[in-house]
Amino acid sequence: MNKGTHNPLPLPRIIDESRMLQLKKPLAFIDIEATGTNISTDRIVEIAIIKYLPDGNRSVKRRLVNPQMPMAQNIIDIHGITDDMVQHAPTFKQLAHELKQFLDNCDIACYNAFKLDMPLLIEEFLKAEVEFDVKGRKIVDVQKIFYQMEQRTLSAAYRFYCNKSLENAHSAEIDANATAEILIAQLERYPQLGNTVDSVLKQIGEDNIIDFARRFAYDEKGREIFNFGKHKGKLVSDVLKAEPQYYDWMMKGDFSLNTKQKLTEIYTRIMLKKF
């Protein structure tokens, strides 16, 4: 059932309030369920956002989303969301402005952020033709903390840090709330993380990405290079100057809209330097 904005789950219990996460701006914990894991072709069917505010309050938004495509049974078996459940739900395009407004001025936290949740969310905004820029936002991957310290799955992380069993895993709101609880428990367990978004990222490192599908990367000098295929490791600028048709090939290929967007930004910058 599409309940929209609500606040049904209790705030995580803070054992030591002095260790509570200190926020300069809102931190949005996001979890997404989808029709699959292909960033280019799969779609969101459920999104939950639990937004923690600097004053200690929080607000929750959860939406079922009509993906406008059928789901395979093995995917339904994972998250329990059927085609019938989303048949009359709004499409992401219909929700895009509402979600963008809810995430305004927020840093973001996810579990395994850069593999599915963030790439798919960015892709959906692009398909909806709604600009959603991650520049200036801090992105905390709670899984990265866990893997550096313990190396487990989300359910095991919840059991390890919070001493609880994760019931109804793969419900977006349950998973997002568990992610929030895990991060707070991690701050209590690992004092070296500090208690701000900046201090956490300073400890675990910040992913300096170009596109969420990671088709491009930065080299040791901060230059854009290809991260796949026959040109892997080569400067994007060098390849596009020598083979301008490679740009056309990628733009026509099965790459995510976010990858094509970043490619176009690089290509445009190169072309402008010629004049």
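Checked against the criterion of being within 21 Å of the chain's Cα centre (by Cα) and β-branched (Val, Ile, Thr), the candidates ILE210, ILE225, ILE270, ILE266 yield just one match: ILE210. Here ASP238 meets the list (1) surrounded by fewer than 20 Cβ atoms within 10 Å (Cβ to Cβ); (2) of a type in the set (Asp, Glu); (3) at pLDDT below 95; (4) part of a helix (DSSP H, G or I) almost entirely, failing just condition (3).
Screening ASN38 on (1) in contact with a Ser or Thr (Cβ under 7 Å, 6 or more places away or on another chain); (2) at pLDDT below 95; (3) farther than 17 Å from HIS170 by Cα shows it passes everything except condition (1).
In segment 44-66, the qualifying residues are those that are more than 18 Å from the chain's Cα centre (by Cα) and surrounded by 13 or more Cβ atoms within 10 Å (Cβ to Cβ), and the one that is farthest from ALA34 (Cα to Cα) is LEU53. Of all residues in segment 241-255, those being touching a residue at least 60 places away in the same chain (Cβ under 8 Å) and surrounded by 13 or more Cβ atoms within 10 Å (Cβ to Cβ) number 1. Close Cβ contacts (under 9 Å, 6 or more residues apart or on different chains) running from residues in segment 201-215 that are in a helix (DSSP H, G or I) to residues that are loosely packed, with under 15 Cβ neighbours inside 10 Å comprise GLN203/GLN148; GLN203/GLN192; ILE204/GLN148. For segment 50-102, a residue qualifies if it is of a type outside the set (Gly, Ala, Ser) and assigned to a strand (DSSP E or B), and the qualifying residues are ILE50, LYS51, TYR52, ARG58, VAL60, LYS61, ARG62, ARG63, LEU64, ASN66, THR91. Of all residues in segment 172-198, those being out of contact with any Lys or Arg (no Cβ under 9 Å at 6 or more places or on another chain), farther than 20 Å from VAL134 by Cβ and not hydrophobic (A, V, I, L, M, F, W, C) number 6. Counting residues in segment 218-239 that are closer than 22 Å to PHE125 by Cβ, touching a residue at least 40 places away in the same chain (Cβ under 8 Å), of a type outside the set (A, V, I, L, M) and out of contact with any Lys or Arg (no Cβ under 6 Å at 6 or more places or on another chain) gives zero.
Residue by residue, here is whether (1) in contact with a helix residue (DSSP H, G or I) (Cβ under 8 Å, 6 or more places away or on another chain); (2) outside the structural domain of GLU181 (by TED's automatic domain parsing); (3) closer than 25 Å to VAL140 by Cβ holds:
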site	(1), (2), (3)
LEU21	yes, no, yes
GLY36	yes, no, no
SER40	yes, no, no
ASP55	no, no, yes
ARG58	no, no, yes
ARG63	yes, no, yes
MET69	no, no, no
THR91	no, no, no
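Just one of (1) surrounded by fewer than 16 Cβ atoms within 10 Å (Cβ to Cβ); (2) modelled with pLDDT under 90; (3) part of a loop (DSSP other than H, G, I, E, B) fails for HIS170. It is (1).
The values are calculated or read from the model by the stated rules, or taken from the named source; none is laboratory data. Everything quoted here is computed from the prediction, not taken from an experiment. Cβ: placed from backbone, ideal geometry, glycine included. Neighbour counts: every protein chain shown.
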